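**Q** What follows is a structure written as structure tokens; I'll ask about it next.
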Amino acid sequence: MNDGFTTRLGPGQALTLAAVRAPRRLVVTHGRLWVTLAGCADDHWLSAGDGLIVPAGGRAVVEGWPQAAFQLLQPAVPRRASSQASARLPVFKFGVITS
């Protein structure tokens with residue numbers, strides 16, 4: 001199930017994350033996740049609160065162990081501020097709020 005921000009995997013469910021141009025941060029929000037990155041010799045086991053970077057052009061297979069929920073975060077796209085007020089809004093970059 002995907003609510004737009006969080007993807008949930010039940011027992012026995014696996015999902016392939018397709019390669020995209022930009023790196024993404026995968027963050028586990030619930031349970032335990034088994035992650036295999038294409039071209040990486042080692043698998044990764046992540047628990048709630050853990051995360052890892054899926055590199056640009058990288059593909060990953062994820063599976064809940066036995067179940068998990070995670071978010072796949074995109075990097076912020078730099079853009080010019082149209083006003084002073086919007087220039088003070090925080091920018092989200094891989095889980096870190098910056099001003």
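The values are calculated or read from the model by the stated rules, or taken from the named source; none is laboratory data. Given the structure is predicted, the values throughout are model-derived calculations rather than measurements. Every residue, glycine as well, gets a Cβ built from its backbone with ideal geometry; the counts of neighbours run over all protein chains shown.
**Q** Consider Arg21 carefully, then state whether it is of a type in the set (Lys, Arg) and loosely packed, with under 15 Cβ neighbours inside 10 Å.
**A** In short, yes.
**Q** Please verify whether the stretch 13-28 includes one or more residues that are β-branched (Val, Ile, Thr), touching a strand residue (DSSP E or B) at 6+ places or on another chain (Cβ under 9 Å) and modelled with pLDDT under 95.
**A** Yes, that holds for at least one residue.
**Q** Are any of the residues in the stretch 41-48 of a type in the set (D, E, K, R) and under 13 Å from the mean Cα position of the chain (by Cα)?
**A** Scanning the stretch 41-48 turns up no residue that is of a type in the set (D, E, K, R) and under 13 Å from the mean Cα position of the chain (by Cα).
**Q** I've got another one for you. Just the residues that are among the charged types (D, E, K, R), surrounded by 15 or more Cβ atoms within 10 Å (Cβ to Cβ) and more than 15 Å from Pro23 (Cα to Cα), please, taken from the stretch 37-73.
**A** Asp50, Glu63
**Q** Now for a separate question. Collect the residues in the stretch 1-12 that are at pLDDT below 95 and of a type in the set (A, V, I, L, M), keeping them in residue-number order.
**A** Of everything in the stretch 1-12, just one residue is at pLDDT below 95 and of a type in the set (A, V, I, L, M), namely Met1.
**Q** Can you say whether Arg8 is surrounded by 15 or more Cβ atoms within 10 Å (Cβ to Cβ) and not polar (S, T, N, Q), as far as the supplied structure shows? Step through it out loud before you land on a result.
**A** On the way: surrounded by 15 or more Cβ atoms within 10 Å (Cβ to Cβ): yes; not polar (S, T, N, Q): yes.
Yes; evaluated as a whole, the condition is true for this residue.
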